[in-house]
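Enquirer: This is the structure I have questions about; it appears just below.
Read the figures in this text as sums done on the coordinates, not as results from a lab. Given the structure is predicted, the values throughout are model-derived calculations rather than measurements. All Cβ positions, glycine included, derive from the backbone under ideal geometry; neighbour counts span all protein chains shown.
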Amino acid sequence: MKVVVIGGTGLIGSKVVSRLGEQGHEAVAAAPNTGVNTLTGEGLAEALDGADVVVDVSNSPSFDDDPAMRFFRTATTNLLQQAEKANVKHYVALSVVGTDQLLDSGYFRAKQAQEDMIAGSGLPYSIVHATQFFEFIRGIADFSTVDGEVHLPPVLFRPMAAEDVAAGVARVATGAPLNAIREVAGPEQSRLDEMVRTALAGIGDPRPVVTDPQAPYFGVQVGEETLVPGTDAELGTLTYAEWAAQQR
């Protein structure tokens, strides 16, 4: 089948394209650097011509409230319209576990808007909710640093490797539309503060991690289970220790 991967040259998208290609599918990487721009519509009609599935793993270049909302609303509107014209049989999008509980963040309100647009479009769809990526743990620390200290709440956390995220997206993309959300997560559960402390120590980052129950997560107060999936989530196979060893 022909699968068009929007954001197909990025961290997750490139891995999805590779996996689908290895499985014998015609996987097309669609991104501005391949001549496809979801904000302007440039190249969309040509890319989606004859597509069976479209997979959107693109992301807003800005996490600020208004730019993120403009990105997801504009890009999703253009994608949905063109997917309908192209008679795409399955529309897949990647989102985040706990999105509906993180709406105090403008970025997550934008992600929720994207999900709502897809679910209300009338197109057969699947939304993949992934937990945070191992690759972004240092970014969490950077965002949470105050006066040289990383302040994080001791809430449950189940991050996963980008490779496992891509595997989950590819599985959903080649299956029947769910018209629902599928959650994917890492194989191990820990505490957010503990995981970041371990990650920083592993790369020689001297910043201390302060366990602070009142500390926000990307500006949002989170509960014990906000960042972890339900019991029916599909779990990846790569542990953090295994992934970290591969980075050396």
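Enquirer: Suppose the filter is in contact with a helix residue (DSSP H, G or I) (Cβ under 8 Å, 6 or more places away or on another chain), over 23 Å from MET117 (Cα atoms) and surrounded by 23 or more Cβ atoms within 10 Å (Cβ to Cβ); does ALA27 pass it?
Expert: Criteria met by ALA27.
Enquirer: While we're on this one: Just wondering, is there one or more residues in the range 205-216 that are of a type in the set (Ser, Thr, Tyr) and in a helix (DSSP H, G or I)? Show your work before the answer.
Expert: First, pick out the residues of the range 205-216 that are of a type in the set (Ser, Thr, Tyr): 211.
Filter once more, keeping what is in a helix (DSSP H, G or I): none.
Within the range 205-216, not a single residue is of a type in the set (Ser, Thr, Tyr) and in a helix (DSSP H, G or I).
Enquirer: List the number of the failed condition for MET69; all other conditions in (1) touching a helix residue (DSSP H, G or I) at 6+ places or on another chain (Cβ under 7 Å); (2) under 21 Å from GLU183 (Cβ atoms); (3) among the hydrophobic types (A, V, I, L, M, F, W, C) hold.
Expert: Against the list (1) touching a helix residue (DSSP H, G or I) at 6+ places or on another chain (Cβ under 7 Å); (2) under 21 Å from GLU183 (Cβ atoms); (3) among the hydrophobic types (A, V, I, L, M, F, W, C), MET69 comes up short only on (2).
Enquirer: Considering only the range 116-148, state which residues are in a helix (DSSP H, G or I), in contact with a helix residue (DSSP H, G or I) (Cβ under 8 Å, 6 or more places away or on another chain) and closer than 27 Å to THR237 by Cα.
Expert: Of everything in the range 116-148, those that are in a helix (DSSP H, G or I), in contact with a helix residue (DSSP H, G or I) (Cβ under 8 Å, 6 or more places away or on another chain) and closer than 27 Å to THR237 by Cα turn out to be PHE134, GLU135, ILE137, ARG138, ILE140, ALA141.
Enquirer: Okay, moving on. In a strand (DSSP E or B), touching a residue at least 60 places away in the same chain (Cβ under 8 Å) and closer than 23 Å to PHE63 by Cα, is that true of LEU79?
Expert: On the way: in a strand (DSSP E or B): no; touching a residue at least 60 places away in the same chain (Cβ under 8 Å): yes; closer than 23 Å to PHE63 by Cα: yes.
Judged against the criteria, LEU79 is not a match.
Enquirer: Enumerate the pairs (first residue in the range 181-193 and without any contact (Cβ under 8 Å) to a residue 40 or more places away in the chain and more than 25 Å from ALA93 (Cβ to Cβ); second residue anywhere and among the hydroxyl-bearing types (Ser, Thr, Tyr) and in a helix (DSSP H, G or I)) with beta-carbon separation below 7 Å, excluding pairs fewer than 6 apart on the same chain, so at least 6 apart or on different chains.
Expert: From residues that are without any contact (Cβ under 8 Å) to a residue 40 or more places away in the chain and more than 25 Å from ALA93 (Cβ to Cβ), there are no pairs.
Enquirer: Restricting the search to the range 52-99, which residues are surrounded by fewer than 24 Cβ atoms within 10 Å (Cβ to Cβ) and among the acidic types (Asp, Glu)?
Expert: The answer is ASP52, ASP64, ASP65, ASP66, GLU84.
Enquirer: Being of a type in the set (Gly, Ala, Ser), assigned to a helix (DSSP H, G or I) and surrounded by 15 or more Cβ atoms within 10 Å (Cβ to Cβ): is that true of ALA47 here?
Expert: Yes: the conditions hold for ALA47.
Enquirer: If you don't mind, there's one more thing I want to ask. So which residues in the range 84-97 are touching a helix residue (DSSP H, G or I) at 6+ places or on another chain (Cβ under 8 Å) and under 23 Å from ALA167 (Cα atoms)?
Expert: The answer is VAL88, HIS90, TYR91, VAL92, ALA93, LEU94, SER95, VAL96.
Enquirer: Follow-up. Answer yes if at least one residue in the range 170-188 is more than 25 Å from VAL3 (Cα to Cα) and in contact with a strand residue (DSSP E or B) (Cβ under 7 Å, 6 or more places away or on another chain), and no otherwise.
Expert: Yes, some residue in the range 170-188 is more than 25 Å from VAL3 (Cα to Cα) and in contact with a strand residue (DSSP E or B) (Cβ under 7 Å, 6 or more places away or on another chain).
Enquirer: Among the numbered criteria (1) over 30 Å from ASP232 (Cβ atoms); (2) part of a loop (DSSP other than H, G, I, E, B); (3) among the aromatic types (Phe, Trp, Tyr), which one does PHE63 miss?
Expert: (1)
Enquirer: Still on this structure: Filter the range 176-218 down to the residues that are hydroxyl-bearing (Ser, Thr, Tyr) and more than 22 Å from GLN246 (Cα to Cα), then identify the one that is surrounded by the fewest Cβ atoms within 10 Å (Cβ to Cβ). Outline the logic, then answer.
Expert: Just the residues of the range 176-218 that are hydroxyl-bearing (Ser, Thr, Tyr), to begin with: 190, 198, 211, 217.
So of that shortlist, the ones also more than 22 Å from GLN246 (Cα to Cα) come out as 211, 217.
Values: THR211: 15, TYR217: 21.
Here the residue is THR211.
Enquirer: Further, regarding this structure: List the residue pairs whose Cβ atoms are under 7 Å apart, where the first residue sits in the range 125-138 and is under 17 Å from GLY98 (Cα atoms), the second is of a type in the set (Ser, Thr, Tyr) and part of a loop (DSSP other than H, G, I, E, B), and the two are 6 or more positions apart or on different chains.
Expert: If the second residue must be of a type in the set (Ser, Thr, Tyr) and part of a loop (DSSP other than H, G, I, E, B), no pairs are left.
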